[in-house]
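Asks: The structure that follows is given in the form of structure tokens.
The values are calculated or read from the model by the stated rules, or taken from the named source; none is laboratory data. This structure is a prediction, so every number in the text was calculated from the model and none was measured. Here the Cβ is made from the backbone with ideal geometry for all residues, glycine too, and neighbour counts use every protein chain on show.
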Amino acid sequence: MKTTIGEFEEIVLLLVAAQHNEAYGLSITKAIEEKLKRSVTMSSVHTALYRLEEKGFVQSRVGGATAERGGRRKRFFVITALGKAALKESREARNQLWSMIPQYVLEIG
Amino acid sequence: MSAQSNILPPRLADRFFRFYCKNDLAESILGDLHERFFDDLEKKTASKAKFNYWLNVIRFINRHTLNRNNNPNYRRSNNSAMLRNYLLITLRSLLKNKGYASINILGLAVGLASCMIIFFYVTKELSFDQFHTKGDRIYRVTNTFTRTSGPIYWARTPPALAPSIRSGISGIEKSTRLRYADDHTYAVGDRIFNQGNVFYADSVFLQIFDFELKAGDKNTALNNPNSVVITEAMATKYFGDEDPMGKVISFDGRRSLQVTGVLKPLPANSHITFDMLISFETYVVPDGYLADLNSWGWAGFHTYILTTPNVDVATINDQIIKLYNENFNRANITTSTELQPLHSIYLESGKYTNVGESIHTGTKSTIYGLSLVAVLIMVIAGFNFMNLSTALSLSRGKEIGIRKVMGAVKGRIVFQFLTESVVVSLISLTVAFVLILASQSYFKEQLDIALPSSLSEYLTLLPLFIAATLLVGVLSGSYPSAVLSAFSPIAALGGKLKTGKAGAALRNALMVFQFFISVMLIAGSIVIVSQMNFIRNKSLGFDKENVIKVQVLREDMAKHHNALKNRFEQHSQVLKVSMCSHGLDGSSSSGPATLVGAPEDEAYQLAYYQTDDAFLELTGIELVEGRFLSKDFLSDSAAMILNETAVGIMELEQPLGTKINFNRIERTVIGVVKDFHFNSLHSDIAPLAIVRPFTNTELLLIKIAPGNVAETLSILENDWKSIVGASPFDVTFMDDGIQQMYEQEEKLAGLINVFSGLAVILACLGLYGLVAFSVQAKLKEVGIRKVLGASVEKLLLVLSKKFILLIIIANVMAWPMIYYLGDMWLNSFAYRIEMQWWMYASAGLVLLLIALITISNQTIRAALTNPVKVLRNE
């Protein structure tokens, strides 16, 4: 099955990979807000995560209970091999496109 | 944060979230929402944080949160996991209770197999003549003659009818006659063949009916005189591997029939069967017949018509009646015709006499009877299943208790036990197929029920059988599962589980019903067998033992009668030889008789036999008055003998010497014989006249000495060959011919015997299971009774009295039904036995005996148990 990956999904997937083993809905929301300075709603991040899980790019597990958040457990996400492959593929596609840009175009800026 | 920790997210928002999101994402999302809320509180005002919280909660409404079961892993596994668990537990409980399980499965399998066999039989009976594509437009024309004594229905009609219909009535596309060919010789070269099953048919016969031709043209094959169409099997018989088309069969040594068509094998479900069709143009009325092909009074031909589409059949019939009345006019008879649809000929020909040879009829009552038996057997098997499963449920109380504690709701338990009964019934279905395959040859040979032979025939019916089996499984599983799911877990785990009084009452009622059915079936077989014995042994008024019938061609009879008779009578093994027109097995000719001097319209219809003077002594028929035909009186060619019924019907006070116009010849009554049964015992004795042969008859009756029949036959055959030569020596026994009149009854008797046997076995299997169970439950009671001094006999009584009582109740309930049904069936015989008290009693006793044997094994073992063993645990 050819699954495509959207721009926002790619960002979320990159962050899941970056925050290896520690990524959960709110942590990714925060990272997008802080690192990318983009305003984003929690629900759209969660939705992206669930869709990535449906596509098989990430796997979720429920963490242990902590005293924070009223004892509610976090759902942690981890990138799968398929997810890694998808990231690499999209990176290579970009690199290829980048390499097609003539040097002077960028220099003229 | 600590300062603000007493500020909590809005409760209403939480509730709202919990309201719409009920799946396992809820916890983590809510956790994230709360975390975010507390983050917000550090940077913003409480109201702003609360507002954001609400906003987020609302934004989270999407398909992931609304879906009740959104985790793909969860969704995939749980249902099938439970189902797998149910199957596992089913298997384990079957293996744990091997005895009960095999009783259950075997019982259900026998029930299913019986139903399937009956299903095959009934569908075949119902499928008769359905293969004709124009079948809904084909009718058989039948006659009704109404005399003062009542109507008589004749399936055959006169030869002039079909041609007049063809020319005179609109709405009829085609019409054909069919005439059974009496015995002729058929030969190819010098090889002579025995051949029955031959019809003369009009040229359109093959266009009306869909009997497929393998070779030849169905539009022209029967057009010309001396054409014959034969079946493939006959082609092989006559011509071997050669191409039969155009070949010639010598017919009676005088004519040559040319093969103009070869038929594919006829479907087994056709009411007409034939091996050969000869074109009607070939037909010649035999010497000595009183009528010709223009006759309207000679009802010896089948007439079939094909109507044009969408015509009013009643109008056509009216026209045919009109035509009939114009041509056939007898003073004291009203004639009418009836168009009988092709599809109802096979099953609804009961009222017709003179149905004719090679025309097959079935009986609806057999079909109804067997279908009823099938349902009853299935009910018994289903009840067994219900009883055993419910009884067994007591031992599964703990399992159900645990399941309920672990969260199984009632619906789940019901589902579990329905699954179980469906699994058991599917296993039974498999066993049923094995049983059918194993018993196939028995049913085919003994009861003439052809079961499908190829796998594909079974496969096409498989969905139907599976659906029926599932239905049986669900129906019989419904009660046990309802009972089991109603267990209170506390009672079940506390070990105080008892099925209520109502449950026991229901089980008893089911068992009474099973025995009710069994008693009825046993009594039914007893009644049928007694009636068949009665018929077999009833004095028919003549001696049927040791009489052989030799079929002789008319011309051979004319040429060789004296020589044959003289030669045969020389042997010490041959006691008497007589030529006769009929063999006392249901057939006879009939003709009008009027007293000389009486008006023409006071005619009586008399059956008649043509025979010679040896007949009386040969058959042992008693002479009441006067004398029999004798070669000493030449005048006997104009004499006649009457039977007592004829004397009674014609109201002759002084029969001897009375002059009667019979078949247009004036005859004098010279003797009266005692009534004898020349027809089947279904009907009363008809008025009969016996006269000297005025045509050549086709039968020689030979009375032979008892013992070493085979040797006698071979002596006779040698004589036959030396005198007659080529014609085949065609011998049958008179008592076989008589027996054949009761073929249907014999078949019914066989079927009822088999299936009532099965029903009893089933009921007893169920009884065995229940007794085994109830004895288990009573072991402690038995132990205590034994300790207190009860004897083994006393204990046996205690353990079995309930079952004996149930069987007695079932018997008493069944008696009125047995009487009603038995009497109804017996009424179809003019000569019948009366229902006797011993028939009821012996049915009951047989059942009681079988039941006692069934339970004795269990009860005796229980009564002999050492009380220490059962009481030790208390």
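Asks: Which one of these is over 30 Å from B:Phe487 (Cα atoms), in a helix (DSSP H, G or I) and within 31 Å of the chain's Cα centre (by Cα): B:Ser453, B:Ser428, B:Ser439? Before the answer, list the steps.
Replies: Details: B:Ser453 fails: in a helix (DSSP H, G or I); B:Ser428 fails: over 30 Å from B:Phe487 (Cα atoms).
Of the residues listed, the single one that is over 30 Å from B:Phe487 (Cα atoms), in a helix (DSSP H, G or I) and within 31 Å of the chain's Cα centre (by Cα) is B:Ser439.
Asks: Right, next: Inspect all residues belonging to the range B:232-243 and state whether any of them is of a type in the set (D, E, K, R), within 27 Å of B:Glu125 (Cβ to Cβ) and in contact (Cβ under 8 Å) with a residue 40 or more places away in the chain.
Replies: Start the filter on the range B:232-243 by keeping residues that are of a type in the set (D, E, K, R), which leaves B:232, B:237, B:241-243.
Those left that are additionally within 27 Å of B:Glu125 (Cβ to Cβ): B:232.
Remaining after also requiring in contact (Cβ under 8 Å) with a residue 40 or more places away in the chain: none.
Checking the range B:232-243: not a single residue is of a type in the set (D, E, K, R), within 27 Å of B:Glu125 (Cβ to Cβ) and in contact (Cβ under 8 Å) with a residue 40 or more places away in the chain.
Asks: Of the residues B:Leu642, B:Leu618, B:Leu629, only one is within 30 Å of B:Glu555 (Cα to Cα), surrounded by 20 or more Cβ atoms within 10 Å (Cβ to Cβ) and either among the polar types (S, T, N, Q) or free of Cβ contacts under 8 Å to residues at least 60 places away in the same chain (or both); which?
Replies: Values: B:Leu618 fails: either among the polar types (S, T, N, Q) or free of Cβ contacts under 8 Å to residues at least 60 places away in the same chain (or both); B:Leu629 fails: either among the polar types (S, T, N, Q) or free of Cβ contacts under 8 Å to residues at least 60 places away in the same chain (or both).
Unique residue meeting the criteria: B:Leu642.
Asks: Scanning the range B:219-235 for residues that are more than 33 Å from the chain's Cα centre (by Cα) and surrounded by fewer than 21 Cβ atoms within 10 Å (Cβ to Cβ), which turns out nearest to B:His132 (Cα to Cα)?
Replies: The selected residue is B:Asn219.
Asks: Let me ask something else about it. Could we say that B:Lys404 is under 30 Å from B:Leu83 (Cα atoms), among the basic types (Lys, Arg) and at pLDDT 85 or above here?
Replies: Here the answer is yes, as B:Lys404 does meet what is asked.
Asks: While we're looking at this one, here's another question. Determine which member of the set B:Phe274, B:Phe251, B:Phe209 is over 22 Å from B:Asp129 (Cα atoms) and among the hydrophobic types (A, V, I, L, M, F, W, C).
Replies: B:Phe251 is the lone residue from the list that is over 22 Å from B:Asp129 (Cα atoms) and among the hydrophobic types (A, V, I, L, M, F, W, C).
Asks: Just one of (1) touching a residue at least 60 places away in the same chain (Cβ under 8 Å); (2) over 30 Å from B:Arg554 (Cα atoms); (3) buried (at least 17 other Cβ atoms within 10 Å of the Cβ) trips up B:Asn317, so point out which.
Replies: So the condition that B:Asn317 fails would be (1).
Asks: Cβ-Cβ distance below 8 Å, separation of 6 or more or different chains: which pairs start in the range B:52-65 with a residue that is facing chain A (nearest Cβ under 8 Å) and end on one that is β-branched (Val, Ile, Thr)?
Replies: B:Asn56/A:Thr41; B:Arg59/A:Thr41; B:Phe60/B:Ile29; B:Asn62/A:Thr47; B:His64/A:Thr47
Asks: Would you mention how many residues in the range A:29-44 are under 15 Å from the mean Cα position of the chain (by Cα) and more than 9 Å from every other protein chain (Cβ to nearest Cβ)?
Replies: Selection size over the range A:29-44: 8.
Asks: In the set A:Leu14, A:Leu52, A:Leu26, which member is facing chain B (nearest Cβ under 9 Å), of a type in the set (A, V, I, L, M) and in a helix (DSSP H, G or I)?
Replies: Answer to the check: A:Leu26.
Asks: In addition: Can we say A:Gly56 is under 21 Å from the mean Cα position of the chain (by Cα), at positive phi and in contact (Cβ under 8 Å) with a residue 12 or more places away in the chain?
Replies: yes
Asks: If you check B:Tyr346 against the conditions, is it of a type in the set (Phe, Trp, Tyr) and at pLDDT 85 or above?
Replies: yes
Asks: Answer yes or no: is there a residue in the range B:840-849 that is under 25 Å from the mean Cα position of the chain (by Cα), surrounded by fewer than 16 Cβ atoms within 10 Å (Cβ to Cβ) and in contact (Cβ under 8 Å) with a residue 24 or more places away in the chain.
Replies: So far as the range B:840-849 goes, no, none of its residues is under 25 Å from the mean Cα position of the chain (by Cα), surrounded by fewer than 16 Cβ atoms within 10 Å (Cβ to Cβ) and in contact (Cβ under 8 Å) with a residue 24 or more places away in the chain.
Asks: Follow-up. Just a yes or no: is a residue in the range B:693-714 aromatic (Phe, Trp, Tyr), out of contact with any helix residue (DSSP H, G or I) (no Cβ under 9 Å at 6 or more places or on another chain) and within 14 Å of B:Tyr608 (Cα to Cα)?
Replies: Looking through the range B:693-714, none of the residues is aromatic (Phe, Trp, Tyr), out of contact with any helix residue (DSSP H, G or I) (no Cβ under 9 Å at 6 or more places or on another chain) and within 14 Å of B:Tyr608 (Cα to Cα).
Asks: Considering (1) surrounded by fewer than 17 Cβ atoms within 10 Å (Cβ to Cβ); (2) in contact with a His (Cβ under 6 Å, 6 or more places away or on another chain), say which one B:Pro706 fails and leave the rest.
Replies: Here B:Pro706 clears every test but (2).
Asks: Would you confirm whether or not the range B:69-76 contains a residue that is within 27 Å of B:Phe417 (Cα to Cα), polar (S, T, N, Q) and modelled with pLDDT under 85?
Replies: Within the range B:69-76, the subset within 27 Å of B:Phe417 (Cα to Cα) is B:69, B:73-76.
Of the ones still in play, those that are also polar (S, T, N, Q) are B:69, B:73.
Filter again for modelled with pLDDT under 85, leaving B:69, B:73.
Yes, because at least one residue in the range B:69-76 is within 27 Å of B:Phe417 (Cα to Cα), polar (S, T, N, Q) and modelled with pLDDT under 85.
Asks: In the range B:193-212, is there at least one residue being touching a residue at least 60 places away in the same chain (Cβ under 8 Å), outside any loop (DSSP other than H, G, I, E, B), crowded, with 21+ Cβ neighbours inside 10 Å and of a type in the set (Gly, Ala, Ser)?
Replies: yes
Asks: Please go through the range B:15-42 and pick out each residue that is within 10 Å of another protein chain (Cβ to nearest Cβ) and either of a type in the set (A, V, I, L, M) or surrounded by fewer than 17 Cβ atoms within 10 Å (Cβ to Cβ) (or both). Before you say what the answer is, go through the steps one by one.
Replies: At the first step, the residues of the range B:15-42 found to be within 10 Å of another protein chain (Cβ to nearest Cβ) are B:24-39.
If the condition is that a residue be within 10 Å of another protein chain (Cβ to nearest Cβ) and either of a type in the set (A, V, I, L, M) or surrounded by fewer than 17 Cβ atoms within 10 Å (Cβ to Cβ) (or both), then B:Asp24, B:Leu25, B:Ala26, B:Ile29, B:Leu30, B:Leu33, B:Asp39 are the ones that fit.
Asks: Can you tell me which residue within the range B:658-694, out of those that are under 24 Å from B:Gly620 (Cα atoms), over 41 Å from the mean Cα position of the chain (by Cα) and assigned to a loop (DSSP other than H, G, I, E, B), is modelled with the lowest pLDDT?
Replies: B:Phe694
Asks: Considering only the range B:594-646, state which residues are farther than 16 Å from B:His677 by Cα, outside any strand (DSSP E or B) and aliphatic (A, V, I, L, M).
Replies: B:Val596, B:Ala598, B:Ala603, B:Ala614, B:Leu629, B:Leu634, B:Ala638, listed by residue number.
Asks: Restricting attention to the range B:584-613, report how many residues are touching a residue at least 40 places away in the same chain (Cβ under 8 Å), crowded, with 16+ Cβ neighbours inside 10 Å and not β-branched (Val, Ile, Thr).
Replies: Final tally of qualifying residues: 17.
Asks: I'd like the full set of residues that are in a loop (DSSP other than H, G, I, E, B), free of Cβ contacts under 8 Å to residues at least 24 places away in the same chain and closer than 22 Å to B:Gln130 by Cβ, limited to the range B:322-372.
Replies: B:Glu348, B:Gly350 - these are the residues of the range B:322-372 that are in a loop (DSSP other than H, G, I, E, B), free of Cβ contacts under 8 Å to residues at least 24 places away in the same chain and closer than 22 Å to B:Gln130 by Cβ.
Asks: Here's another thing I want to ask about it. Quick one: in the range A:64-81, of everything that is closer than 25 Å to A:Phe8 by Cα and either in contact with a strand residue (DSSP E or B) (Cβ under 9 Å, 6 or more places away or on another chain) or within 9 Å of chain B (Cβ to nearest Cβ) (or both), which residue is surrounded by the most Cβ atoms within 10 Å (Cβ to Cβ)?
Replies: A:Phe77
To keep it simple, each residue is scored yes or no on (1) at pLDDT below 80; (2) farther than 24 Å from B:Val771 by Cα; (3) out of contact with any Gly (no Cβ under 7 Å at 6 or more places or on another chain).
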| position | (1), (2), (3) |
| --- | --- |
| B:Ser454 | yes, yes, yes |
| B:Leu464 | no, yes, yes |
| B:Thr469 | no, yes, yes |
| B:Gly477 | no, no, yes |
| B:Pro480 | no, no, yes |
| B:Leu493 | yes, yes, no |
| B:Lys496 | yes, no, yes |
| B:Gly500 | yes, no, yes |
| B:Leu506 | yes, no, yes |
